[in-house]
1. Once label points are set 7 Å from the Cα along Cα→Cβ at both residue 57 and residue 85, what is their separation, rounded to one decimal in nm?
2. Show me 85-93, 115-123 ranked by packing, highest mean number of other Cβ atoms within 10 Å first.
3. If you place +1 on the Cβ of every Lys and Arg and -1 on the Cβ of every Asp and Glu, how big does the dipole about the Cα centre of the chain come out, in debye to the nearest 20?
4. Quick check on packing: order 134-140, 14-20, 54-60 by the mean number of other C-beta atoms within 10 Å, highest mean leading.
5. At a 10 angstrom cut-off on C-beta neighbours, averaged per residue, how do the peptides 94-106, 66-78 rank from highest to lowest?
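What follows is calculated from the coordinates using simple rules that are stated; it is not laboratory data. All figures in this text were calculated on a predicted structure; none of them were measured in a lab. Methodologically, a virtual Cβ is constructed for each residue, glycine included, from the backbone with ideal geometry; neighbour enumeration extends over all protein chains shown.
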Amino acid sequence: MRLGELAAILIDSVAHGASVNFLAGLTSEEAAEFWRSQIPGIVGGSRRLLAADDGAMLVGTVVLSFAHQPNAPHRAEIGKMLVRSHARRRGLGRRLLIAAEDAARAAGRTVLLLDTQTGSAGERLYSRCGWTAFGIVPDHALTPDGRLAPTTFFFKRM
Ligand SMILES: CC(C)(COP(=O)(O)OP(=O)(O)OC[C@H]1O[C@@H](n2cnc3c(N)ncnc32)[C@H](O)[C@@H]1OP(=O)(O)O)[C@@H](O)C(=O)NCCC(=O)NCCS
C-alpha cells in the first residue's frame with residue numbers, strides 16, 4: 001500500500017478546506033495512520049480502496065465499505081472521495097465514483113450511501129452523478145478550521 005502518497009492526498013484535501021473527518025494541521029503520521037487503519041478491512045474484504053494513478057503519483061481515492069449487518073447484505077457506503085487539488089475539474093472524481101459504483105454493483109450491493117459537506121464540490125459531483133440528496137443535518141461536523149457546518153446525506157440505487 002502506498003501509504004505516503006495516500007496520506008499526501010488526504011493532507012492536501014484537508015489543507016484545501018475539505019471536510020473529510022479531519023481538522024487543519026493533520027500530520028503525515030496521522031494521515032498515514034488513518035490509511036493503515038483501513039488495511040484490515042481491505043485485506044478482509046469488507047472494504048475496497050480504489051485509487052487513481054497519473055503515472056507519477058496517486059492523485060485520487062475512493063473507499064467502498066460494505067455494510068456488515070445481517071440485514072444489509074445489499075448496502076454499502078462510499079467515503080474518502082478525494083482528488084488532489086492540482087488534478088481537479090478534469091473528470092477524475094466522476095471516474096473514481098463510477099468505478100466505485102461498478103465495484104459495488106459487481107459485489108451485489110444495490111443501495112449506496114454517502115455524505116458530504118453541504119455546498120461542497122462533493123455535493124455537486126454526487127448530484128451530477130445521479131445521487132439523491134435525502135436530508136441535511138445542521139451543525140453535523142466541523143470544517144478543518146473549526147466551524148460547525150451542515151452535512152448533506154445522499155443515496156443511490158444501483
Ligand atoms: C469532490 C472532488 C472529489 C471532485 O473531484 P473532481 O475530479 O474535481 O470532479 P470532476 O472533475 O469529475 O467533476 C465531476 C462533476 O462535479 C462538478 N464539480 C466538481 N467540482 C466542482 C466545483 N468545485 N464546482 C462546481 N462543480 C464542480 C463538475 O462540474 C462535474 O460535473 P460535470 O461533469 O457535469 O461538469 C474534489 O473536488 C475533491 O477531492 N474535493 C475535496 C474532498 C471532498 O470534499 N470530497 C467529497 C467529500 S466525501
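1. About 1.2 nm separates the two model spin labels.
2. The packing order, highest mean first, is 115-123, 85-93.
3. Numbers: 19 positive and 14 negative charges, 135 e Å.
Taking the Cα centre of the chain as origin, the dipole is about 660 debye.
4. The peptides rank, most packed first, as 14-20, 54-60, 134-140.
5. On the way: 94-106: 17.2, 66-78: 14.8.
Packing order, densest peptide first, comes out as 94-106, 66-78.
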